[in-house]
Amino acid sequence: MSSIEIRALHVQGSAAGLRGVSLSVGPGERVAVVGPHQPRLSLLIRACAGFERVASGTVEVCGVDVGAADRRALLQLRRQLGYVSIAGGLLANMTLRDNLELAVRYRGTPHAVATKRVQSAIDAVGLQHMADHRTCFVPAEWVKCFAYVRALLLEPAVLLAEDPSAFLHPDGRRVVAALHDEAEARGIAVLIADDDVEFVTPLVHRVVELDALEAAS
């Protein structure tokens, strides 16, 4: 069974729409969807996470029909997802470390265990010097990197990222690339969408054009 199965998906967003997208992502497979219009690319990722309403067609993630799922089913699905939005989605009034610990403890992990896991994850990417700064005072590049760390700390079956390259300079790109290598080593299925083809190509097994996915339906 595919980790993500999209069939003739139509979604109407505020600034863009999807017209009949079809795509399969197998377990452990890493796929990038690319194109010149980032709002449409982001719409695809948000639809997979259940943040956008499906107009027609289907999108199944981890066996859940996202368009037909009720609130409880979506909440259960999101426990299997790692999700990275364009800006990262961390809480601005908390430190980066506290953002990570909050996410891990929300899953029921004891405090001491969560603290140890978070420290190990921070050490692994070499970002100890940033961890205790409040998110609102940290450059967007590092917020994005910590959002990736948070997503993987949740031990997801599927990782979704709207725009991996956004805000990243060379140092941040190296961190994100290393985290994608970790996702592959852990057998996590990955779907990312980005308008920077050069950046995402080394991160994945397969790169596909959004327009081609629509044309194939």
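Return the sequence-ordered ³J(HN,Hα) values of the stretch 33-47 in whole Hz as given by the Karplus equation 6.51 cos²θ - 1.76 cosθ + 1.60 applied to θ = phi - 60°, using x for Gly and Pro.
Whole-Hz 3J(HN,Hα) from phi for the stretch 33-47: 9, 10, x, x, 10, 4, x, 5, 5, 5, 4, 4, 5, 5, 5.
Taking R0 as 35 Å, what FRET efficiency do you get between S120 and L91 from their Cβ-Cβ distance, rounded to the nearest 0.05?
In this case the efficiency is close to 0.95.
Convex hull volume of the Cα atoms in the chain, per residue, in Å³?
117
Per residue of the chain, what 222 nm ellipticity follows from adding -39500 (n - 2.57) for every DSSP H run with n ≥ 4, rounded to the nearest 500?
The helix contribution divided over the chain gives -12000 deg cm²/dmol.
So if we plug the beta-carbon distance of V207 and A178 into 1/(1 + (r/R0)^6) with R0 = 25 Å, what FRET efficiency do we get, rounded to 0.05?
0.80
Report, in degrees rounded to the nearest 10, the 0 to 90 angle that the Cα long axis of helix 96-106 makes with the longest principal axis of the chain.
Helix 96-106 and the main axis of the chain meet at about 70 degrees.
Counting only the backbone N, which residues of the stretch 36-80 are under 11 Å from the spot 7 Å out from the Cα of Y106 toward its beta-carbon?
78-79
Take A55 and L74, extend 7 Å from each Cα along the Cα→Cβ direction, and tell me the distance between the two endpoints in nm.
Placing both labels 7 Å beyond Cα along the Cβ direction yields 1.8 nm.
Do any trypsin sites (Lys or Arg not before Pro) in the stretch 84-167 lie in a DSSP loop with no more than 13 other beta carbon atoms within 10 Å, and if so, which?
Taking the stretch 84-167 and a limit of 13 other Cβ atoms within 10 Å, the loop trypsin sites (Lys or Arg not before Pro) found are R107.
List the trypsin sites (Lys or Arg not before Pro) in the stretch 1-67 that DSSP assigns to loop (not H, G, I, E or B) and whose Cβ has at most 14 other Cβ atoms within 10 Å. Which are they?
Here the trypsin sites (Lys or Arg not before Pro) that fit, given the DSSP loop and packing criteria, are R53.
Three principal axis extents, largest first, for the C-alpha atoms of the stretch 14-129, in Å?
Result for the stretch 14-129: principal-axis Cα extents of 46, 33, 30 Å.
For the pair V113/V197, report the inter-label distance in nm, with labels modelled 7 Å from Cα in the Cβ direction.
4.6
How fast does the stretch 73-166 diffuse by Stokes-Einstein, in µm²/s, taking the Kirkwood radius from C-alpha pairs at 20 °C and 1.002 mPa s?
161
Give me the percent relative contact order of the chain, please, defined on Cα pairs under 8 angstrom at least 6 residues apart.
Over the chain, the number comes to 33 percent.
I'd like to know how the stretch 100-217 sits against the 2.2 N^0.38 Å rule of thumb: what's its Cα Rg over that expected value?
1.14
E52's amide H: which non-local residues (gap 5+, or another chain) put their own amide H closer than 5 Å, with H modeled 1.01 Å from N in plane and none for Pro or chain starts?
Counting only residues 5 or more places away or on other chains, the set is A47.
Quick one: angle between helix 140-153 and the longest Cα principal axis of the chain, in degrees between 0 and 90, rounded to 10, please.
On a 0 to 90 degree scale, this one is about 80.
Tell me, what ³J(HN,Hα) does each residue in the stretch 122-131 have, in order and in whole Hz, if you take phi through Karplus 6.51 cos²θ - 1.76 cosθ + 1.60 with θ = phi - 60° and put x for Gly and Pro?
5, 4, 5, 9, x, 10, 4, 5, 9, 4
Near the amide H of G20, under 5 Å away, which other amide H atoms are found, from residues 5 or more places off or on another chain, if H is placed in the peptide plane?
Sorted by chain and number, the residues that satisfy this are L9, H10, V11.
All of the numbers you see were taken from the coordinates with simple rules; none came from a lab. Remember, predicted model here, so these are calculated numbers, not experimental data. Note that each Cβ is placed from the backbone with ideal geometry, even for glycine, and that neighbours are counted across all protein chains shown.
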